[in-house]
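The values are calculated or read from the model by the stated rules, or taken from the named source; none is laboratory data. Source: prediction; values computed, not measured. Using ideal geometry, Cβ is built from the backbone for each residue, glycine included, and neighbour counts are taken over all protein chains shown.
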Amino acid sequence: MPKEPGEPQLEGEKQEPKRLFDLKDFLVEPKTDYTDLIEKAKKDWDESMKYAGLYDGAGLNASYADVMAYGLLVKPEEVIKNKKYIQKKEEVRAFLKDKLKGKILVDLGSGMGFIRGALMQESWGGKSSMQKIAQELNASVCIGVDKYTYNCECAIGKPTDPSVDLARKEEVEEGTQTVLVSADMLDFLSRLPDSSVCITINGVDSRVIKNEEYHRALAKEIERVVGKNGVVFGVNSSSLSIINRAIKDKPNEISFKIADCPELYSDAMVFEKRK
């Protein structure tokens, strides 16, 4: 018989195992068919990978996630003595911690860096930059989504499937579960429920995907899936620039606003869902 919340566990009773986030249960049928855009984007991705000399699951965007992690996680007094910068960083961190607590954070274009970020040294405790951010900011789940992802269990060479979680299940600790998905970003977003997640996107710009329509569709889906008072944040991403322009030019036609927190970097953006 299930116990009432707060009812103590009796000695000798078996404790129910912690229920993991189930990706397949979470996803829904897409409301919009983005097949043509996704096919065009795949060609851009392939060209970007060849141009960068990266193959077999290497990601392009780990360094941008590292930039965000450097600002949010590295103790500023270790690298700079500017008291104003230290205060600004702590205000941004406190803001995001409040917004992400207990929420699902989706890292779009996570790449290989989601598992092996460039700053994944001892200070990260064996985690990638975004995994560490999600853990430090109290997100319940961190979902890494990339067309070209990598894991020791191996996504390389396998067909992409937005409903399959490739992460090792032992990567669940301290309240934050890791989910790893090999899929197109837009395809995955289209399968998320309305108002269900927070988003981070780093380094996904026209150098990676040239098609402007794809980025506009990403921005549209990001607005749909981020919940009230939820956030989207990141650096150097076309979809964020599209959202930023809409806020400035047509503020009554978009549900995002500039977040009420300081600017972490000149090219970093944080938006909050206001309705």
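Looking only at segment 198-227, how many residues end up being under 19 Å from Ala134 (Cα atoms) and surrounded by fewer than 22 Cβ atoms within 10 Å (Cβ to Cβ)? Before you say what the answer is, go through the steps one by one.
Keep residues of segment 198-227 that are under 19 Å from Ala134 (Cα atoms), which gives 198-203, 222, 225-227.
So of that shortlist, the ones also surrounded by fewer than 22 Cβ atoms within 10 Å (Cβ to Cβ) come out as 227.
Total meeting the criteria: 1.
Look through segment 84-93, keep the residues that are at pLDDT below 80 and in contact with a helix residue (DSSP H, G or I) (Cβ under 9 Å, 6 or more places away or on another chain), and return whichever of them is farthest from Asn236 (Cα to Cα).
Going residue by residue through segment 84-93, those that are at pLDDT below 80 are 84-86.
From the residues that got through so far, the ones that are in contact with a helix residue (DSSP H, G or I) (Cβ under 9 Å, 6 or more places away or on another chain) too are 85-86.
Values: Tyr85: 21, Ile86: 23 Å.
Checking each candidate, the answer is Ile86.
Inspect segment 232-250 for any residue being buried (at least 23 other Cβ atoms within 10 Å of the Cβ) and out of contact with any helix residue (DSSP H, G or I) (no Cβ under 9 Å at 6 or more places or on another chain) and give the result as yes or no.
no
Considering only segment 239-263, state which residues are more than 15 Å from the chain's Cα centre (by Cα), at pLDDT 95 or above and closer than 16 Å to Thr200 by Cα.
Selection gives Ser241, Ile242, Ile243, Asn244, Phe256, Lys257, Ile258, Ala259.
Quick one: which of Leu96, Leu105 is closer than 21 Å to Phe188 by Cα and at pLDDT 90 or above? Steps first, please.
On the way: Leu96 fails: closer than 21 Å to Phe188 by Cα.
So the residue among Leu96, Leu105 that is closer than 21 Å to Phe188 by Cα and at pLDDT 90 or above is Leu105.
Taking the options Lys210, Lys257, Lys220, name whichever one is of a type in the set (Lys, Arg) and assigned to a loop (DSSP other than H, G, I, E, B).
Values: Lys257 fails: assigned to a loop (DSSP other than H, G, I, E, B); Lys220 fails: assigned to a loop (DSSP other than H, G, I, E, B).
Unique residue meeting the criteria: Lys210.
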